[in-house]
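Bear in mind these aren't lab numbers, they're just calculated from the coordinates by the rules spelled out. No experiment lies behind these values; they were computed from the predicted model shown. Don't worry about glycine lacking a Cβ; one is built from the backbone with ideal geometry, like all the others, and counts go over all protein chains shown.
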Amino acid sequence: MLPRQLQSLLAQRAPCMWRNECWVPIAQARRKCEFGLKDVQDAARRWQRFAGLLARLFPELGPTQGIIESPLYAADALQSAVLTTQVPTAGRWFIKGDHTLPVAGSIKARGGIYEVLLHAQTLAQMRGLIGAEDDLRALGSPAARQLFADHEVIVGSTGNLGLSIGIMAAALGFRATVHMSAEAKIWKKRRLRAHRVDVVEHAGDFGAAVAAGRRQAEGNARAYFVDDENSAHLFFGYSVAALRLQEQLQAAGRTVGPRQPLFVYIPCGVGGAPGGITFGLRQLFGDYVHCFLAEPVAAPCMLMRLAQDVDRPINVRELGLDNRTDADGLAVAQASEFAATMLRPLVAGAFTVAEGDFFEDLFELKRSLGLSVEPSATAGMRGPRWVLQSATGHEHLVQHDLLDCLQDATHVIWTTGGAFVPDDEYRSFHERGRELRTQATLGYTRQ
Ligand SMILES: *Cc1c(COP(=O)(O)O)cnc(C)c1O
């Protein structure tokens, strides 16, 4: 069961923070895990080998020679806007802007595209179209296209994973079917259909859409199912972000060390994306990085999975929560077991986000930094305030002996999607945020 007080806050949908008591120092975590930094580096090397192909398939990747990456934005204006008084120990805040990721428009570009590419490479190698060390641009050749046209890629999604898988699969010539859960936005389905991807709409939630995809692929040797609830490929595709962030922090002059902690706040759905990134960051920065997950109050599936004292899958409906949220990318009722196992020793904690806060924060991000994101992508924005200004955050800082070095801390808020949101849709999100903001009587720092 969950600790009593936490359970009651979660059940009331009251935003709250949880600290992970199963967190262990990296040396200890490494001894118990078959995966390590080599897996992150291996994924980075594979990504690099796909770059030439990606640049050829997607003209928007020309300027970066086929590398899919997002900027790190200084967030001083956000920091001074949301902290009501200037706090000298607030450190420096940044936004890791995965909402701008090309090709897929969300963090799923890191995982989904990678897994489709690996599958294409494996198929082409099995058929003898390419050798193990060949130039992977050959995956875009007419012979490869012909091979892929005979094969299908299938996935279940709340929207963004479907977009990344569908777009990448279609670009290589695969047939693709995306099973969309109820909350998937209409524009995401339209965009996929425009790429001639089959979109199957489900009345059920993410779990139901994944199950439908898994069933469709079963027993079909020409079908490949991307399993968001279990995929190590997705996970390590995401993990490469840690290496990129490390470079970007260096370039920004930020040092991470024992007296210069790094705090990272990542929106969490099924757990693959934040899991992979947390894994990569802990491999690189060890105990100096503190990763927190952000989930909607309607779907805190990973928080519940990790906070309970028994080891079993748990669905948010067990607490009477309904998994209904406008943060469609995070509308997941049951966490990935694979991601949960990986996260347990590594993640510092998690917090929940009230439904209206997604919109208020979307509005604030635009106002202070001029960035346009989708609601899910804002989930991490209250992270620094949870750590710096809540009782649970304070406990974390005390436990890690960080109270006297917070002025040198770096806080990274991960924004995870939004590049493709149609203008009229964005305007309605923004307007809703403005209205909520105007109505707020308790002030912005309410938690
Ligand atoms: C998918 C997604 C996430 C979380 O990724 P998971 O692997 O589902 O945990 C966060 N933000 C957005 C916008 C997403 O689409």
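In vacuum, with every alpha carbon of the range 225-301 counted as one equal point scatterer, what does the Debye formula give for log10 I(q)/I(0) at q = 0.12, 0.13, 0.18 Å⁻¹? Two decimals, please. For the range 225-301, the Cα-only Debye profile gives -0.37, -0.43, -0.75. Its Cα centre serving as origin, the chain has a Cβ charge dipole (Lys and Arg +1, Asp and Glu -1) of approximately 460 debye. Taking a point 7 angstrom from the Cα of ARG437 along the C-beta vector, which residues in the range 355-374 have backbone N less than 13 Å away? What the label zone holds, given the 13 Å backbone N cut-off, is 357-373. Among the GluC sites (Glu not before Pro) within the range 13-78, which fall in a DSSP loop and have no more than 14 other Cβ atoms within 10 Å of their own Cβ? Within the range 13-78, the qualifying GluC sites (Glu not before Pro) (loop, at most 14 other Cβ atoms within 10 Å) are GLU21, GLU34. Considering all C-alpha pairs of the range 1-117, those separated by over 26 Å amount to 54%.
Looking at the chain, the DSSP beta bridges with both ends there are about 20 percent antiparallel. Extending 7 Å from the Cα toward the beta-carbon at both LYS32 and ASP150 defines two label points whose distance is 4.7 nm. Inter-label distance, ASP135 to GLN308: 5.3 nm, where each label sits 7 Å from its Cα along the C-beta direction.
With a Förster radius of 41 Å applied to the beta-carbon distance between THR255 and ALA211, the computed FRET efficiency rounds to 0.35. Once the gyration tensor of the Cα atoms in the range 134-253 is diagonalised, the equivalent ellipsoid follows with semi-axes of 26, 21, 14 Å, ordered largest first. Full extension of the chain between ALA11 and GLU247 yields a length gain of 80.9 nm, computed as 0.36 nm times the residue separation minus the alpha carbon distance. At q = 0.08, 0.19, 0.20 Å⁻¹ the log10 of I(q)/I(0) for the range 303-447 amounts to -0.27, -1.30, -1.35, computed by Debye summation with a single uniform scatterer per C-alpha, solvent ignored. Take the convex hull of the alpha carbons in the chain; its mean projected area over all directions comes to 20.1 nm². Of GLY213, VAL332, CYS22, which is farthest on the positive side of the dipole of the chain, counting Cα position, with +1 on Lys and Arg Cβ, -1 on Asp and Glu Cβ, and the Cα centre as origin? The listed residue farthest towards the positive side: GLY213.
Model label points for GLN125 and ALA391, set 7 angstrom from Cα along the Cα-to-Cβ axis, are 5.4 nm apart. Diagonalising the gyration tensor over the Cα atoms of the range 249-288 and scaling each eigenvalue by 5 before taking the square root yields semi-axes of 21, 11, 9 Å, largest first. Output the pairs from LYS96/LYS366; LYS188/LYS366; LYS32/LYS96; LYS32/LYS108; LYS38/LYS188 with a Cα-Cα distance over 26 Å in this structure; if there are none, say none. Cα-Cα > 26 Å for LYS32/LYS96; LYS32/LYS108; LYS38/LYS188; rest within. The slack in the chain from ARG196 to THR85, taken as 0.36 nm per residue of separation less the alpha-carbon distance, amounts to 34.8 nm.
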